[in-house]
Each structure stands twice: as structure tokens, then as C-alpha cells.
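Peer 1: Have a look at the structure that comes next, please.
Just so it is clear, none of the values below were taken in a lab; they were calculated from the coordinates. Small disclaimer: the values here were computed from a predicted structure and weren't measured. Note: ideal-geometry Cβ built from the backbone for every residue, glycine included; neighbour counts use all protein chains shown.
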């Protein structure tokens, strides 16, 4: 049990749980956002489409297997061991990237690492209620998010000397090592709180429940519209997260510490933006806040697409970060207000599925746009790829305006 017999919170377990957020964000920032996209396009001279395919394929498998993993977590109560297995596999695959000179092998290792990182979150999130106790889930989740922001910044700063002295291919092993070191406390101090002896996961039932959830959501007009809108919005958002390093390097020429500082400004912007959008959402309502978040994203994407020089482009980092914070704060609040109270957990499951599906299609669209328009030369194809994301945000904004206000929305 993570909590004591008297119902007291185990502070050591709580700290270990939040520290895992610090650990896995080092992987997310260093590998997914910073180094691996450029490993593909710069070090191996491959088109963006190669990275798009590896990322999208891994997310497709995540989306397909998520119901099964959720069934294992919920039906058996076993979360720590699956989390340990997936974390270890992610660490090994990440470290392996730095030891291969083969583009295809590196893409395969990245796909495995990203799959394990994403899938581990199912079990990690499932541990939260047992760690936090029923009255502190939101607060402890916030601690994890905050440490996640710190992990993103720490990962960049700790690995910058490695890149400078040994080259970008040298960052993967220490990134994997940092992930492992900061994840270890969870496996030492956090225990499964409700293991069900002899229980087996009803995987077939989990897929049936997911299908039924979509059918129920489709009958709720406002909720259905929002889930589709959220899909389009996250199409753009997830693609920005994955490809901004390629864009900043290829189009603007940022590299080394300059590129790290650009990503740090976006991370700080996300932290500050989350706080600001929390107040805004409370003041004007989640629907209006989400509409304004989309408008901010459109401004951000147009500034990025048409930035004539590095000076103007530096605005993109904090703008994108603040917009990202708004998506999570206003978006989750809007979902809570639209979802039937008795099906809130189910609706959050659909929300997460939509996010994973958006991580499949968005990167592919980016890769195809860059590939198809590569004949134009220069930086035009990448600027067009950014503008294609504005179309996704525009579609999401149009749908949000179709949601009928009410119930605090």
C-alpha cells in the first residue's frame, strides 16, 4: 500500500511519483523534440517524412494497444511491474540510438522508445490515486506537471556540454541514463495499492467498451463536436512539438545552445501560460478560453511561417509555449464541463485516444507537405508545412464555435 494504515499520505512515494514526470520529460524533450528529428534530417540527410513515419507508426501502435494496456492496469491493479518493463525498454532503445550509424535501425529504435514512453503513461497515471489519496489528486498531478517542465529544461542544459564536446549522437546514452536514474525511486518506493489476486485483464471487453464509449459520445452533440475539434487542434499541437527543432534549425538556422534556449523559452512559456490560462478560463469560461487559445495558436503559426529573421522568430518559443499551456488547461476544463458526470473517466479516455490519433496524422501531413513541395527549394516547403497546421487549428476553431454555450461553458 502506498498510503499508510491510518490513511496518511506516504510523502516518499508521492515524491517518487512526481520525480518520474521529471525523468520521462527528459526523454521527451531531448529525444522526441530536440535531437532525434535532427539526427534523421541533418546527420543522415533524410527527408522529414522518415521521422514522420517513425513517429506516426509508433503512435498508431500506441493507439491500438491502449485499451489492452488500460485493461491490464484497471482489471488486475498491476501497474508498477508493467511500468518498470516499459521504462526499461524505453531506456535501452534510447541508448541504442547513439550506438548505431544506420538510419533504419535508429528509426526502429526511436519507434520502440517512443511507444514504450507513451504506453508507460497508462500505468504511471493509474498509480496517481493510490499515491495522492482521494482528496489530493489534482494537487499531486500539478506537482508532476511542474517537475515535468523542470525536467525538460534540465535535460537540455545537462546534455548541452555532451553535444558540444562529443557531438549530437553522444546524447542518447546519457539521456537514457538520466531517465533511468530519476525513475528508480518510483520503483523502490511506490507500490500497487489495489492488486486483485487471480484477476485477468478483460482485453476483448476493453475494446468493446472503447467502441461503446465512442457511440455514447456521438449521441452527445456538444461532446462529439468538441472531441473532433480537439482532434484537429492536437493534430497541429503535437506536430509543432515534434518538428519545431527541424523548423528552427532548417529555416531559421538555430543550432546548439541557441536551439536549446529557444526550446527552454517555449517550456517556460508553457509553465507561465498554464497559470495565466487557468485564471482566464475561470473568468470567461472554458469554451471562450479555448477559442482564444486557438486564436493565439494561429498568431503563433503565422509568425513562425513568415518570420523574416531570427529576431522575430524568437517570439515563437514563448507564444507556442503559452498556447500549449492553454490547450491543456482550457481543453481539459471544457471536457469536464461537457461530459456527463457519470461518464467522466470514460470521456477522458476518449480525449486521450483523440490525442494519440492526432499524433498519427499530424506528423504525416507535415512530412508529406515538405516532401511534395521540396522542388520549390529553400525554406518554402517548411513554411508551407507550418501553414498547413494553421488549417488544422482553423478547423478546430470553427467546430468550437459550433458548441452551444451552457452549463458554465
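Peer 1: So for the range 59-151, Kirkwood radius off the Cα pairs, Stokes-Einstein at 10 °C and 1.306 mPa s: how many µm² s⁻¹?
Peer 2: The calculation lands on 109 µm²/s.
Peer 1: Please give the calculated 222 nm ellipticity per residue for the chain, where each DSSP H segment of at least 4 residues contributes -39500 (n - 2.57) and the sum is spread over every residue; nearest 500 deg cm²/dmol?
Peer 2: Calculated from helices alone, the mean residue ellipticity at 222 nm is -26500 deg cm²/dmol.
Peer 1: Computed over the Cα atoms of the range 301-409, what is the ratio Rg over Rh, Rh following Kirkwood?
Peer 2: My calculation puts Rg/Rh at 1.06.
Peer 1: Of 349, 142, 377, which has the largest mean-square fluctuation in a 10 Å C-alpha GNM of the chain?
Peer 2: Checking each option, the largest mean-square fluctuation is seen for 377.
Peer 1: Taking the Cα atoms of the chain alone, what are Rg (to one decimal) and Dmax (as a whole number) in Å?
Peer 2: Cα only, the chain: 20.7, 68 Å (Rg, Dmax).
Peer 1: Taking a quarter of the surface of the convex hull around the Cα atoms of the range 206-403, what do you get in nm²?
Peer 2: The orientation-averaged projected area of the Cα hull of the range 206-403 comes to 11.6 nm².
Peer 1: Using only the Cα atoms of the range 1-117, what are the Rg and Dmax in Å?
Peer 2: Final numbers for Rg and Dmax: 17.2, 60 Å.
Peer 1: Next up: Give the whole-number value, in cubic angstrom per residue, of the convex hull volume spanned by the C-alpha atoms of the range 157-300.
Peer 2: Taking the convex hull of the Cα positions in the range 157-300, it is 219 Å³ per residue.
Peer 1: Please report, to one decimal in angstroms, the Kirkwood hydrodynamic radius of the range 164-249 built from all distinct Cα-Cα pairs.
Peer 2: 18.5 Å
Peer 1: Can you list, largest first and rounded to whole Å, the semi-axes you get for the range 10-193 by taking the square root of 5 times each eigenvalue of its Cα gyration tensor?
Peer 2: Output for the range 10-193: semi-axes of 29, 19, 13 Å.
Peer 1: If you don't mind, there's one more thing I want to ask. Which residue, 217, 204, 176, has the most motion in a Gaussian network model of the chain that connects Cα atoms within less than 10 Å?
Peer 2: So, out of 217, 204, 176, the one fluctuating most is 204.
Peer 1: Please report 163, 43 as a ranked list, fewest other C-beta atoms within 10 angstrom at the top and most at the bottom.
Peer 2: 43, 163
Peer 1: Continuing with the same structure: Counting only the backbone N, which residues of the range 62-86 are under 20 Å from the spot 7 Å out from the Cα of residue 194 toward its beta-carbon?
Peer 2: In the range 62-86, the label zone of residue 194 (backbone N under 20 Å from the point 7 Å along Cα→Cβ) covers 67-83.
Peer 1: Right, something else. Using a 10 Å cut-off around each Cβ, can you sort 261, 180 from fewest to most neighbouring Cβ atoms?
Peer 2: So the residues, fewest neighbours to most, are 261, 180.
Peer 1: Under 10 Å, Cα contacts only: if you run a Gaussian network model on the chain, which one of 359, 136, 28 comes out with the highest mean-square fluctuation?
Peer 2: Highest fluctuation among the options: 136.
Peer 1: Here is a follow-up. Which distance in nm do the two modelled labels at residue 276 and residue 177 give, with both placed 7 Å along the Cα-to-Cβ direction?
Peer 2: About 3.9 nm separates the two model spin labels.
Peer 1: Among 382, 44, rank each residue by its count of other Cβ atoms within 10 Å, from fewest to most, as a rough exposure measure.
Peer 2: Lowest to highest Cβ neighbour count: 44, 382.
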